[in-house]
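Report on the structure given below.
The values are calculated or read from the model by the stated rules, or taken from the named source; none is laboratory data. Model, not experiment: these values are computed from the prediction. In this analysis, Cβ positions are derived from the backbone assuming ideal geometry, glycine residues included, and neighbour counts consider all displayed protein chains.
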Amino acid sequence: MRTISSPAEMRAWARTEHASGRTIGLVPTMGALHGGHMALIADAARRCERVVVSIFVNPLQFNRPSDLDSYPRPIDDDVAACARAGVDIVFAPTSAEMYPTGFQTRVVPGPLGDVMEGPGRPGHFEGVMTVVAKLLGATNADVAIFGQKDYQQLRIVTQMAADLDLDAEIVGHPIVRDADGLALSSRNVRLSASDRNAAGCIPRALVAAAETALTTSDPAVVVASARVVLDAEPAAATEYVTVFDAETLGPVDRLDAVDRAPGRVRIGAAVWFGDVRLIDNRDLFDRELFDGDLAEGPARGPDR
């Protein structure tokens with residue numbers, strides 16, 4: 001395995017691989033790798049002959065300086081984990097290499113970035129889209145794997161790739177969850193022991209909402225059922241809970257018969273535990289998700 005920091009060197013490696021007929025899969029990360037990332041890496045390896053993992057804490061997507069400063073950066077551990085996983089290249093550029101003096105261009109996400117995460121995180125998706133465009137350009141990836149935990153990000157990246165004719169297939173990988181259902185996230189390591197225990201209320205709230213959706217056509221009732229679970233946890237400060245269209249990301253007015261097909265409607269939430277902000281989402285009508293939901297035991301596999 002090699003570690004590359006220069007975008008120019010990364011492009012040169014990618015050109016050589018493509019000239020030899022090999023495909024490249026990219027797993028973009030900000031480091032602090034966990035089991036969810038390992039699942040993305042395995043997915044990329046199944047799809048492509050070569051796997052690149054980018055590790056870059058992107059300053060453009062942080063609207064709170066304290067969040068950027070406190071973001072975990074265990075680079076040595078991350079590189080070792082990538083080596084064990086059979087990754088071919090770790091692309092770990094510096095901020096100066098990604099955004100050299102004179103850098104000006106940004107990618108604007110459009111209406112998909114105006115909902116959910118957008119209002120509370122000004123400039124976030126502009127930063128995400130800009131860095132993803134640069135990572136796709138540097139790695140010349142044939143396939144890029146993104147986790148569905150950041151569903152809005154996945155949807156926006158998919159739209160960007162289509163709108164800008166980027167030559168990469170964007171793949172959404174199912175959420176990987178811990179034993180209590182909490183979605184694996186690099187931010188979880190910042191939770192205190194008590195807050196980590198409390199954070200299990202998020203997946204429980206989403207499951208409660210999905211169960212409620214079976215008996216009502218009113219999204220407000222579904223949201224209220226999730227909030228009951230969240231509000232019962234003193235350590236949780238809910239920022240939002242929303243039922244949204246999986247394609248447009250806009251709010252859903254009624255859960256009619258058409259909307260009840262799996263893949264059409266999702267529920268998402270953002271919840272604070274102290275100074276740690278966690279997000280999660282799930283398909284509202286995929287019945288397979290109920291099988292084994294929140295089961296006890298070791299870290300569970302992907303959630304659709």
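The table for this structure:
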{"read-out": "Matching entry among Leu230, Leu294, Leu289 (being at pLDDT 95 or above, of a type in the set (A, V, I, L, M, F, W, C) and within 23 Å of Gly36 (Cβ to Cβ))", "value": "Leu230"}
{"read-out": "Hits in the stretch 15-41 - residues which are crowded, with 16+ Cβ neighbours inside 10 Å and among the aliphatic types (A, V, I, L, M)", "value": "Ile24, Leu26, Val27, Met30, Ala32, Leu33, Met38, Ala39, Leu40, Ile41"}
{"read-out": "Subset of the stretch 89-141 (residues that are among the aromatic types (Phe, Trp, Tyr) and under 27 Å from Ala246 (Cβ atoms))", "value": "Phe125"}
{"read-out": "Lone unmet requirement of (1) modelled with pLDDT of 95 or more; (2) farther than 21 Å from Ala183 by Cβ; (3) touching a Gly at 6+ places or on another chain (Cβ under 8 Å); (4) not hydroxyl-bearing (Ser, Thr, Tyr) for Asn63", "value": "(1)"}
{"read-out": "Residue pairs meeting the criteria (Cβ under 8 Å; at least 6 apart or on separate chains; first assigned by TED's automatic domain parsing to the domain that holds Trp272, in the stretch 215-238; second of a type in the set (Phe, Trp, Tyr) and crowded, with 16+ Cβ neighbours inside 10 Å)", "value": "Ala235/Phe273; Ala236/Phe273; Ala237/Phe273"}
{"read-out": "Qualifying residue in the stretch 148-156 (condition: buried (at least 21 other Cβ atoms within 10 Å of the Cβ), among the hydroxyl-bearing types (Ser, Thr, Tyr), modelled with pLDDT of 95 or more and closer than 26 Å to Ala269 by Cα)", "value": "yes"}
{"read-out": "The stretch 137-173: number of residues that are of a type outside the set (A, V, I, L, M, F, W, C), touching a strand residue (DSSP E or B) at 6+ places or on another chain (Cβ under 8 Å) and without any contact (Cβ under 8 Å) to a residue 60 or more places away in the chain", "value": "4"}
{"read-out": "Failed condition for Ala32, given (1) out of contact with any Pro (no Cβ under 9 Å at 6 or more places or on another chain); (2) farther than 20 Å from Ile170 by Cβ; (3) in contact (Cβ under 8 Å) with a residue 40 or more places away in the chain", "value": "(1)"}
{"read-out": "Matching helices (runs of 4 or more DSSP H) fully within the stretch 184-235 where at least 3 residues are charged (D, E, K, R) and in contact with a helix residue (DSSP H, G or I) (Cβ under 9 Å, 6 or more places away or on another chain)", "value": "none"}
